[in-house]
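Read the structure below first, then the notes.
FYI, it's all coordinate maths here, none of it is from the lab. Remember, it's a predicted structure, so these values are computed and weren't measured experimentally. When we count neighbours, we look across all protein chains shown, and the Cβ atoms used for this are built from the backbone with ideal geometry, even at glycine.
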Amino acid sequence: MNDKFSSLWLDYKPLFPGFTGRAAIRCPSRVDRQGAAVSELITALKAMLPAAELTFGADSAGLIFELDIGDFLDVEEYMISADERGAAVIGGSERGLMYGVFAYLREIRTAGSLVRMNKRVRPALGLRMLDHWDNADGTVERGYSGSSFFFREGKLVVDERTEMYARLIASAGINAAAINNVNVRGDAVRLIAEENLPGLARLSELFSRWGIALYLSIDFSAPISVGGMRTADPLDPAVGYWWSNKARELWKAAPGLGGFLVKADSEGQPGPYAYGRDHADGANMLARAVKPFGGRIIWRAFVYNCTQDWRDERTDRACAGYRTFAPLDGHFDANVILQVKNGPMDFQVREPVHPLFGAMRHTALAAEFQLAQEYTGQQLHVCCLLPMFREILMWNTACDIQPGRVIDRIQAAAAVANTGDSFCWTGSELAGANLYGFGRLTFEPQLTAEDIIDEWISLTFGSSERVREALLQILLGSHRAYEGYTAPLGLGWLCKPGTHYGPDPWGYEFDRWGTYNRADREAVGVDRSRTGYTSLYPEPLRELYSDPEKCPDELLLFFCRVKYTHVLHSGKTVIQHIYDSHFDGYAEAEEFARLWDSIESELDPAVYDNGRRRFKEQLRSAGEWRDVINAFFHRLSGVPDEQGRKLY
Ligand code: GCW
């Protein structure tokens, strides 16, 4: 395991190196002096005012920082009023106060001075969560940032890196983390067994200090695998009894536990179906077990048939989540949150928003995003997902409940983490923007992606205007570029099966996963009116998506099957768009690499070098995508490129 790590956006630098006066922290006794808020403020002030005399409480003629707790605020809410002489930060609880301190520090660091400000902020969502797909053996499923820092050889690790992790994500506004893979295998099955209680206790205590609830992914069949029982049937009273005892034992050892995350009856994971029960039976049984301790069950809606017959044109994987869960609306207990992936498939570069967000009226929902760029370049390609996440959160579901945007319909947001034990945590420094930004966006979704990226650049890379401009241009354009040179017009799944890296347009065709493009000599795309998928949306979306003349270009081939000569709203034909976007996307990637090189002298040499190697691979891979996909469609369609470029 790599023990060295960067402090990323929490690398406090001297703000006023020459300030030799006094700086006093004042707080009444209701504020915990050992708590995260006070300790973070001390850490920051020591680094930012290295020559100041830092005092506690006493009268001071210098700078004054007052911290307090006010019960007129929500627990996670804070208020800041500040000027050149210091600041007063009030939180609704220790947690709110901590968020206030982080917010204040962020403001003065990005401004480069003590600023005059008045602010009152409450997070938009109550649960802002990271889901780690870390395995107990230290590997990370879909992890592109090194090994796990939560597990080493089957054992939980709690060390300085864990503390830094908690500070980092708390400062971004995250308040929950599931530390192990939803595919619960190997030693992770026993994470809830007695031998792991001391480790869980230490971890949950550390997390709690930073306002983070610890979640565990559990094996639905744990009564068998851990408890030695013969069944895990959720309606068998002995099974419910086993889980209740298990919950009592876990919460006694680790009172900071938030609950369980469950992937059931999906891609081989056990679940209630084995006993003829449904997802509500399974989730509610667990919900009752954790309820006395304030626990929650996060139940994933990622359920589909992954052994499909490709010749069956009626069965559509996109429909599966809806068909499974919409009929169960209203059947889930209040402490169950149904976690729905942002789109109906699986974190493709472009998907429509999942129809369940508009459909579930009586079920608490979480939107699940993926920071790990499984299908978007695996942190070797730069792909900033924040503009897309924000667009999804602000998207209007068109349901008849108002307000009806996704952000209004959900109680929580979760993201599959992109971290590992690499020095910069996310393999690529630039992927840090996704980690930071997911927290910031789910706390304050009124911020634009550009606001957040700008803030992240300044906190991570300092105040150079050249660096700022170059990185903003790279990050803001990166998703569009990636989409352009990989799978445009909503196609998706043109990648290599298994690894999900690199092009293979027939890789998922004719297979069992139910993820097809159905390209032939005449046409391409899936007619999702025929499969019934478009009918899962209310009007006017249903009509918009069903009609190739109306469907937005970027989703056309997801929803409709059209001829290569079909003319898009842009005025181009589908085939010409495919060619052009592949050339243009590649050119944008070239421009990103050039921009990175242009700021070399302003970057730490190791950071520059890591980026340069990744841009080199991005360009190689983007070229491969361009050539393979263009050649594929050129050979199938026989249509030449209007510009006569080489299509291989
Ligand atoms: O996209 C698929 C991934 C699997 C993952 C699954 C899921 C954890 O390829 O690796 O398993 O999604 O979300 O459960």
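Okay, here's what the table says:
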{"item": "Distance cut-off 24 Å, percentage of C-alpha pairs in the stretch 462-648 lying past it", "result": "46 percent"}
{"item": "Estimated FRET transfer efficiency when R0 is 25 angstrom, pair residue 235-residue 362 (beta carbons, to 0.05)", "result": "0.70"}
{"item": "Whole-angstrom Cα spans of the chain along principal axes, big to small", "result": "80, 65, 49"}
{"item": "Residue among 548, 240, 150 farthest towards the positive dipole end of the chain, charges placed on Cβ", "result": "240"}
{"item": "Between the stretch 241-308 and the stretch 488-550, the Cα center-to-center distance that results, in Å", "result": "32 Å"}
{"item": "Ranked by how many other beta carbons lie within 10 Å on average, peptides 160-170, 594-604, 252-262 from highest", "result": "252-262, 160-170, 594-604"}
{"item": "Intensity falloff of the stretch 402-467 expressed as log10 I(q)/I(0), Debye formula with alpha-carbon point scatterers, at q = 0.25 Å⁻¹", "result": "-1.13"}
{"item": "Three semi-axes of the equivalent ellipsoid, the stretch 158-222, Cα gyration tensor, whole Å, largest first", "result": "22, 13, 9"}
{"item": "Unit charges on C-beta of K, R, D, E only; dipole of the chain, Debye", "result": "660 debye"}
{"item": "Relative contact order %, the chain, counting alpha carbon pairs below 8 Å whose residues are six or more apart", "result": "11 percent"}
{"item": "DSSP bridge pairs, the stretch 8-121: antiparallel proportion in percent, nearest 5", "result": "45 percent"}
{"item": "Quarter of Cα convex hull surface for the stretch 142-271, i.e. mean projection, nm²", "result": "8.3 nm²"}
{"item": "Under 11 Å, Cβ to Cβ, from residue 585 - net charge with Lys/Arg +1 and Asp/Glu -1", "result": "-4"}
{"item": "Cα gyration tensor, the stretch 302-402 - rounded (a/c under 1.5), prolate or oblate", "result": "oblate"}
{"item": "The stretch 375-452-the stretch 561-603 distance, computed between alpha-carbon centres (Å)", "result": "23 Å"}
{"item": "Neighbour net charge for residue 92 - beta-carbon separation under 13 angstrom, K R +1, D E -1", "result": "-2"}
{"item": "Alpha-carbon Rg with Dmax, taken over the stretch 8-121, Å", "result": "13.0, 39"}
{"item": "Alpha-carbon gyration tensor eigenvalues x 5, square-rooted, for the stretch 241-282, Å", "result": "25, 12, 8"}
{"item": "Lys/Arg +1, Asp/Glu -1 at C-beta; the chain dipole; positive extreme among 118, 226, 384", "result": "226"}
{"item": "Mean Cβ count within 10 Å, highest first, over the residues of peptides 366-372, 433-439", "result": "433-439, 366-372"}
